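Chemist: My questions all concern the structure below.
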Amino acid sequence: MSNKIDSGHSAAPHDGKYVLLLYVAGSTPKSSRAITNLKAICEIHLKGRYELTVVDLYEKHKRAREDQIVVAPTLVRCAPLPVRRMIGDLSLTDRVLAVLDLPPALRQP
Amino acid sequence: MKTITASKTLRKSPTGIRGLDEITDGGLPAGRPTLVCGGAGCGKTLLAMEFLVRGATEYDEPGVFLAFEETGEELADNVASLGFDLKALVARKKLLLDYVYVERSESEETGEYDLEGLFVRLNDAINSIKAKRVVLDTIEGLFAGLPTQGILRSELRRLFRWLKEKGVTVVITGEHGQSTLTRYGLEEYVSDCVISLDHRVVEQVTTRRIRIVKYRGTTHGTNEYPFLIEKDGLSIWPITSVQVEHTASHERIPTGIERLDTMLGGKGFYRGSSILLSGTAGTGKTSVATTFAEATCRRGERCLYISFEENPSQIMRNMATIGIDLQQWVRKGRLQFQNVRAFHFGLEMHLARTIKFVTEFSPAVVIIDPISGLDTSGTSLEVKAALMRLVDYLKQQGITAMLTDLKMGGAALERTDAAISSLVDTWLVLRDLESNGERNRGLHVLKSRGMGHSNQVREFMLSQTGIQLTDVYIGPSGMLTGSARVAQEARERAEHVSLDEEAERQQLALECKRAALEGQIAALRAEFSAEEATIARIFSQDKLREASLASDKVEMGRSRQHDAVKSNRSQPRNGSRGKKG
């Protein structure tokens with residue numbers, strides 16, 4: 001079941017809209033944690049300029065092959081380019097931000 | 001949980017790869033993982049792919065190939081050379097190729113994770129074509145791509161457990177490690193069956209070997225076996241049993257040279273025996289070998305001719321000049337040439353290839369010309385061992401083998417062959433006979449087990465009608481061959497002729513003498529009978545005269561009677577007269 005959250009159009013101080021795809025395997029603790037963590041990060045750091053889709057591999061198993069997914073959870077930043085990927089339940093926020101290429105200045109306590 | 005304790009109960013998944021099912025006694029363990037490890041380019045991917053392709057085409061078991069290093073396209077191209085049409089199999093849903101790509105730079109670890117993505121893909125793949133076979137080539141790609149080995153290892157353990165539950169037979173490939181069997185120690189997870197491939201290049205010669213390192217619960221071959229990768233896939237040629245036991249044939253087959261058959265107890269070679277034909281350069285070994293080949297084909301049997309030096313068209317051209325047409329037998333499929341330079345392969349490969357040719361062509365006779373071509377492929381001990389295995393293999397198959405051997409001449413001719421000559425049943429030697437500035441050739445049978453054979457050297461000659469063996473001249477001056485023999489024969493013939501003429505002349509003279517004598521005798525006889533007649537005439541005349549004298553006297557007496565008073569005296573005269581009368 002994919003879950004799209006669109007924060008609407010609001011003024012963005014830096015780069016354009018972030019399009020994120022989170023691949024999870026069912027509703028295991030790891031999956032839930034990843035979803036929760038990602039939503040939090042998006043609200044805090046990308047408010048108003050992100051589009052997040054959660055893909056459950058158990059329901060959409062063909063996507064695993066189509067989108068080259070091996071690990072779960074996997075987060076893919078489709079936009080802005082270049083495409084970035086990372087694995088894990090996104091608990092290490094700093095790492096997530098670094099890979100998402102979000103400037104440190106935007107980090108809030 | 002059931003444990004497999006006996007090989008009888010261990011189910012096996014046949015690979016369909018020539019020789020592999022033999023050395024594994026039936027195939028890979030069914031429903032279990034097998035590890036195939038080896039260096040780069042040793043053939044692991046090909047073996048794994050062939051396992052799937054044959055599974056799909058021969059055993060109706062669809063397969064999933066998970067490639068971690070090559071893309072689907074690259075894979076298809078690589079195996080196309082083996083004649084495997086992957087695209088067609090994929091289209092028929094007999095095969096599913098999935099290229100799994102894990103990039104290190106995309107694997108920044110942000111927390112806990114597992115390999116559920118992979119599980120989902122694999123499950124999906126297996127279910128979609130109802131696969132019974134799976135290949136993971138090479139799962140080490142994950143080790144390179146993912147950061148934490150700990151997670152990876154526990155996930156792999158989970159994966160193999162899961163695959164076992166799924167009931168699929170899995171082949172996993174891995175690279176050789178420095179000190180461990182595989183770089184990442186995959187052998188920890190895969191303990192049912194481990195196969196190692198080896199690919200060595202020694203002095204530019206490639207030798208491929210396969211070895212079953214471990215196979216739990218069953219008997220298996222433990223040696224290293226040479227294998228080939230050719231246009232129809234992998235093939236393993238286990239030359240395991242070097243038995244000396246086999247039933248010897250009593251049948252004799254002709255050599256193609258009548259006189260040689262005579263020298264060999266009158267009938268030729270024993271079927272299934274081995275023949276060594278040694279000689280110095282240019283003595284005609286190939287001629288003898290091809291004559292034998294032709295005789296074989298003429299009889300309706302097949303002959304495999306392995307040439308290490310000359311190429312087939314050259315041999316055929318050369319033999320045509322002595323009246324042997326090999327081309328027709330090649331066309332009819334009874335004669336097969338295999339021409340390769342000995343240095344292209346190592347000894348093991350040569351053995352494997354020879355057995356492959358023999359298995360595919362089923363010849364009655366195999367000729368190897370010359371075995372000395374193998375001398376550079378190993379030490380003399382190794383070469384002898386290889387030849388011994390080959391000769392034994394051919395004997396077991398009941399195939400007659402003729403091996404030609406190039407040797408340096410002189411006294412060494414027979415000495416240096418001692419190593420190989422002990423392996424063969426018949427040893428023919430072609431030698432140079434040099435005399436008076438000429439080199440002629442002689443052939444003799446040095447040994448031939450199981451039959452009486454001539455110990456004479458016969459002069460060996462090639463003509464447009466083939467090989468001829470003639471007697472050599474043994475005379476007071478020794479053995480003469482060639483033109484000396486011809487000259488001597490001519491001389492002898494001339495001598496015989498002149499002797500004959502002399503005898504005739506003397507006979508004639510005798511006749512004359514006899515005639516003369518008889519003439520003389522006749523003359524003497526005539527003289528004698530003339531004399532005889534004369535004497536007889538004289539005698540009869542004499543008698544007549546006496547008779548008439550007597551009658552005259554009687555007349556006179558009578559006439560005297562008239563006055564015969566005084567004829568008393570006549571009485572005695574009477575008596576004497578009477579006598580006279």
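Read the figures in this text as sums done on the coordinates, not as results from a lab. Nothing here was measured: the structure is a model prediction, and the numbers come from that model. Cβ coordinates were reconstructed from backbone atoms using ideal geometry, including for glycine residues, and neighbour counts include every protein chain displayed.
Chemist: Can I get the semi-axes of region A:16-106's equivalent ellipsoid? Compute them from the C-alpha gyration tensor as square roots of 5 times the eigenvalues, in angstrom, largest first.
Modeler: Working: eigenvalues 89, 41, 25 Å².
Largest first, region A:16-106 gives 21, 14, 11 Å.
Chemist: For a quick check of your reading of the filter: which trypsin sites (Lys or Arg not before Pro) in region A:31-109 sit in a DSSP loop and have no more than 14 other Cβ atoms within 10 Å?
Modeler: A:K47, A:R107
Chemist: Which of the aspartates and glutamates could be linked to B:K407 by a straight reach, that is with a Cα gap under 18 Å, when you skip same-chain ones fewer than 8 residues away?
Modeler: Those aspartates and glutamates meeting the cut-off are B:E309, B:E310, B:D369, B:D375, B:D417, B:D432, B:E434.
Chemist: Assuming a strict under-20 Å limit between Cα atoms, what lysine pair count do you get for region A:16-106 once near-sequence pairs (fewer than 8 apart, same chain) are dropped? Could you put the intermediate results ahead of the total?
Modeler: Working: A:K17/A:K39; A:K17/A:K47; A:K30/A:K39; A:K30/A:K60; A:K39/A:K47.
Value for region A:16-106: 5.
Chemist: Under a straight-distance cross-link criterion of Cα-Cα below 24 Å, which lysines are reachable from B:K12, leaving out those fewer than 8 residues away in the same chain?
Modeler: B:K2, B:K44, B:K93, B:K94, B:K130, B:K132, B:K164, B:K166, B:K214
Chemist: Out of the trypsin sites (Lys or Arg not before Pro) in region B:442-528, which ones are loop residues according to DSSP with at most 13 other C-beta atoms within 10 Å?
Modeler: Here the trypsin sites (Lys or Arg not before Pro) that fit, given the DSSP loop and packing criteria, are B:R449.
Chemist: How large is the direction-averaged shadow of the alpha-carbon convex hull of region B:328-382, in nm²?
Modeler: Result: 4.3 nm².
Chemist: Hey, what's the Kirkwood Rh for region B:264-334 if you take every pair of different alpha carbons, in angstrom?
Modeler: 13.2 Å is the Kirkwood radius here.
Chemist: Suppose we look only past 51 Å in the calculated P(r) of the protein assembly as shown. What percent of the Cα-Cα pairs does that tail hold?
Modeler: 47 percent
Chemist: For an R0 of 41 angstrom, estimate the FRET efficiency from the Cβ-Cβ distance between A:L92 and B:R11 and round to the nearest 0.05.
Modeler: 0.30
Chemist: With a cap of 14 neighbouring Cβ atoms within 10 Å, and only residues DSSP puts in a loop, list the GluC sites (Glu not before Pro) found in region B:145-245.
Modeler: Those that pass, being in a loop and sparsely packed, are B:E203, B:E245.
Chemist: Something else now. Rule-of-thumb check for region B:252-471: C-alpha Rg over 2.2 N^0.38 Å?
Modeler: After normalising by residue count via 2.2 N^0.38 Å, the value is 0.95.
Chemist: Would you compute, from DSSP H runs of 4+ residues alone, the mean residue ellipticity of chain B at 222 nm, taking -39500 (n - 2.57) per run and dividing by the full residue count, rounded to the nearest 500?
Modeler: Mean residue ellipticity, 222 nm, calculated: -13000 deg cm²/dmol.
Chemist: Can you tell me the length gained on complete extension of the stretch B:E501 to B:E309, counting 0.36 nm per residue apart and subtracting the Cα distance?
Modeler: Once the chain is fully extended between B:E501 and B:E309, it gains 63.5 nm.
Chemist: Equivalent-ellipsoid semi-axes (√(5λ), Cα gyration tensor) for region B:179-228, whole Å, largest first?
Modeler: 23, 16, 6
Chemist: Another question, then. Alpha carbon centre of region B:379-408 versus region B:57-130: separation in Å?
Modeler: Each part's Cα centre sits 46 Å from the other's.
Chemist: Whole number please: convex hull volume per residue, Cα atoms of chain B, in Å³.
Modeler: Working: hull volume 168.9 nm³, N = 581.
For chain B, the hull spanned by Cα atoms encloses 291 Å³ per residue.
Chemist: Residues with amide H under 5 Å of B:L433's amide H, sequence separation 5 or more or different chain, H placed in the peptide plane at 1.01 Å from N; which?
Modeler: Here the answer is B:N440, B:R441, B:G442, since their amide H atoms fall under 5 Å of that of B:L433.
Chemist: Between B:H250 and B:D85, what's the calculated FRET efficiency when r is the beta-carbon distance and R0 is 56 Å? Round to 0.05.
Modeler: In this case the efficiency is close to 0.65.
Chemist: If you don't mind, another one. Note down the nm distance, to one decimal, between modelled labels 7 Å out along Cα→Cβ at B:T534 and at B:D375.
Modeler: According to this spin-label approximation, the distance is 10.1 nm.
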